[in-house]
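Accompanying notes for the structure given below.
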Amino acid sequence: MSAFKSSNQAFKFCFFFKRIFKLKVSEPPEDIKKLFQEYSENGTMTVEDLHRFLENVQNEDSATTEYAQAIFNSLKHLFIFQRRGLHVDAFFRYLLGDLNFPISTMVHQDMTAPLAHYFLYTGHNSYLTGNQLSSDSSVEPIIQALRRGVRVIELDLWPNSKKNDVKVSHGGTLTSPVDLIKCLRAIKDNAFVASEYPVVITFEDHLTPNLQAKVAQMVTKVFGDMLYQTGHLEEFPSPESMKRKILISTKPPEEGLNSSSKIEKSYSKIESDDNDKDQLDGGEFVEYVDEEKAAPEYRKLIAIHAMKLRGGLEKILRNIDPYQVSRLSMSEQQLENAVNNNLGADIVRFTQRNLLRVYPKGTRITSSNYNPFVGWEHGAQMVAFNMQGIGKHLRIMQGMFRANGGCGYVKKPDFLLVKHPFDQSEVKTILKVAIAGVEADIKKEITKTISDQWVPEWNEEFEFPLSVPELALLRIEVFDYDDTRKHDFAGQTCLPVSELRSGIRAVPLHNRHGDQYKYTRLLVRFEFE
C-alpha cells in the first residue's frame, strides 16, 4: 500500500494481486472478503449495499442507485450472479472489471481553451518502422500511432528520383521511401478512430515550388472539407472547435533545394554536431525563408505557421509577437541548453500562446527517446517521440496520454498558464512502483517477492511526496522472479496521478509496446486523505 501526502491531502495504494482471472481458480484476497462481509448481509450484497460501498470506499459521491444497478446488470450474464444480489465472487469480478478502472475513460477536461493550452500526443518521423538510418518507411506506423490516439504526425517530404513526384523518407539515409499519397490516405482513414479531436500533420519540406503545388493538390483532394485552413492567427482555436479536422503545419524551404549532395553533407554535419547553436532542426534539414517563396496554393494549406529562428532564441522568446501565434521547433538538446542558460521562464511564457515542438536529437539513430518532462514542465505542447520502439520514456509518454479519456489532448496545468513558473520545492501531495515526474518527484520502490502463487498478494504500502502532482505519473512494472537469471518481464502500466480515482481499482497491465493485456490486472487501493 502506498501513501501520497501533503498538509491537506494524502494518497495510498495497496497491491492485491495480478494474474489471468479464471474464476474456478482465483480466490478473492482476504482483504476483499472482509470488505464484502462489511457491506453485505448473509453472504449477499444488494444494490443498496453496493451503492453504500461506492460512496464509502470508492469515494464516488456522485454515484447513484441507478449506477449501482447498472453494475448489477453488467454481471447478470455470469453464473456468479444471484437474483437477490451479488455474492463474493461476483463482487470480486466487478472489482476486476472494466467499470472499475483507476482513471476515467471519458473526455472530461475543458476542450474549449486555445490549442496552446494543451499537451498534444506527438510523433516524430511517424513513417519509420525502425531505426533512423536504414529502416523501411511505411504507412503502418502512421496507422498504429493514430489508432493509439497520437494527434501529431510528422512527414518528411522529398522529390522522387525523377523529380516529378513526392516521397516520404528520412533524407540522407538508407531508409526506404513511401509515397506521400499513401500516407495521406492512411491518415484520412484512421485520423478519428481513437479520438475526434484534430490531427496536425507537420511537413518537413524539401521540395521545389512545382512539387509543393503537387502536394497542395494531393492534400486538398484527399482531405477535402476535413482541412482546417486559415490565415495568420492572433490566437489558436480550441480543440473542441476543430473536431474531425486536419491541420497542416510547415515552414517552406528555399527554392531549388534539391541537390542530393547538399542534403547528404548537411545530414552528416548535423548528426556529428548536436551542440551547433545555429542549427534549429538538427537532423531535419530545414531551411527558413519567407513563405511567399512557396507555391501560393501550398501556402493556403498552412493552418499552423512555423516560426523562423532568426536572430537567436533569446530574442524570439523575449520579443513575442502579441498579434500572431506560431510554432517553434527545437531539439531536446537545444531545449536543455536553453533551460541551463536561464531561459526556462521565457519558454513557459512563450508557450502560453505559441506552440513549441521538441524532437529527439540527431544521434538517436536507434529511435530511442528522451525525458519528456523537460519539455512538459516548460509548457512544450508537442514533445515528439519515436513511437515505433519500446522503453521507459515511451511508456511515460503513453501514460501521460491515457489521461482525459485517451483523446490525445491533455490540458496543461494552471501553473504553466500564469506569469510566474512553479516552485518545485514545496510538497503539495504525497502519492515496482515508481513516480515519473519533475526531478524533485522521481522515486522508486520495490515490493517483496511472492513465490509460486497464482494470485499473489503483496499488501505493501508506499509513500511518495510530490511537489508537482499535475505532471506526475505512477509507473508500475511486474516481473516473474527468477533467482538464477534475469527476471522475466510480466507487465507494466503508467498512469497520470492527477486522474487516479480513490478506492479499490482494477489496473490493467500492458506489454512492452503499450498494448493492454486482456485479462491481466492488478487490484490496487488508492486513498486520498
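The values are calculated or read from the model by the stated rules, or taken from the named source; none is laboratory data. Since the model is a prediction, treat every value here as computed from it, not as a measurement. Here Cβ is always computed from backbone atoms with ideal geometry, including for glycine, and neighbour counts include all displayed protein chains. With ligands, DNA and RNA removed, areas are computed over all heavy atoms of the protein, side chains included. Shrake-Rupley method; radii C 1.70, N 1.55, O 1.52, S 1.80 Å.
Sort out which residues of region 304-320 are modelled with pLDDT under 90, outside any helix (DSSP H, G or I) and either among the hydrophobic types (A, V, I, L, M, F, W, C) or under 29 Å from the mean Cα position of the chain (by Cα) (or both), and write them in order of number.
Met307, Lys308, Leu309, Ile320
Which number in (1) closer than 22 Å to Trp376 by Cβ; (2) crowded, with 23+ Cβ neighbours inside 10 Å; (3) in contact with a Phe, Trp or Tyr (Cβ under 6 Å, 6 or more places away or on another chain) marks the one condition that Glu154 misses?
If we test Glu154 against (1) closer than 22 Å to Trp376 by Cβ; (2) crowded, with 23+ Cβ neighbours inside 10 Å; (3) in contact with a Phe, Trp or Tyr (Cβ under 6 Å, 6 or more places away or on another chain), just (3) comes out false.
Would you mind stating whether Val168 is surrounded by 23 or more Cβ atoms within 10 Å (Cβ to Cβ) and either hydrophobic (A, V, I, L, M, F, W, C) or modelled with pLDDT of 95 or more (or both)?
Working: surrounded by 23 or more Cβ atoms within 10 Å (Cβ to Cβ): yes; either hydrophobic (A, V, I, L, M, F, W, C) or modelled with pLDDT of 95 or more (or both): yes.
Yes: the conditions hold for Val168.
In region 468-513, how many are open to solvent by 10 Å² or more (accessible area, probe 1.4 Å) and not in a strand (DSSP E or B)?
Qualifying residue count for the region: 17.
Taking region 123-179, which residues are over 24 Å from Leu356 (Cβ atoms) and of a type in the set (Asp, Glu)?
Asp136, Glu140, Asp165, Asp179
Can you tell me which residues in region 127-151 are assigned to a strand (DSSP E or B) and surrounded by fewer than 21 Cβ atoms within 10 Å (Cβ to Cβ)?
Of everything in region 127-151, nothing turns out to be assigned to a strand (DSSP E or B) and surrounded by fewer than 21 Cβ atoms within 10 Å (Cβ to Cβ).
Keeping to region 1-42, report how many residues are modelled with pLDDT of 90 or more and either open to solvent by less than 40 Å² (accessible area, probe 1.4 Å) or farther than 24 Å from Glu463 by Cβ (or both).
Taking region 1-42 as the starting set, the residues that turn out to be modelled with pLDDT of 90 or more are 32-41.
Going one step further and asking which of them are either open to solvent by less than 40 Å² (accessible area, probe 1.4 Å) or farther than 24 Å from Glu463 by Cβ (or both), we end up with 32-33, 35-41.
Looking only at that region, the number is 9.
Just give me the residues in region 61-80 being open to solvent by 30 Å² or more (accessible area, probe 1.4 Å) and either of a type in the set (D, E, K, R) or not in a loop (DSSP other than H, G, I, E, B) (or both), in sequence order.
Within region 61-80, Asp61, Thr65, Glu66, Tyr67, Gln69, Ala70, Asn73, Ser74, Lys76 qualify.
Table: residues versus (1) over 26 Å from the mean Cα position of the chain (by Cα); (2) β-branched (Val, Ile, Thr); (3) open to solvent by less than 50 Å² (accessible area, probe 1.4 Å).
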{"site": "Val199", "(1), (2), (3)": "no, yes, yes"}
{"site": "Thr202", "(1), (2), (3)": "no, yes, yes"}
{"site": "Leu207", "(1), (2), (3)": "yes, no, yes"}
{"site": "Glu234", "(1), (2), (3)": "yes, no, no"}
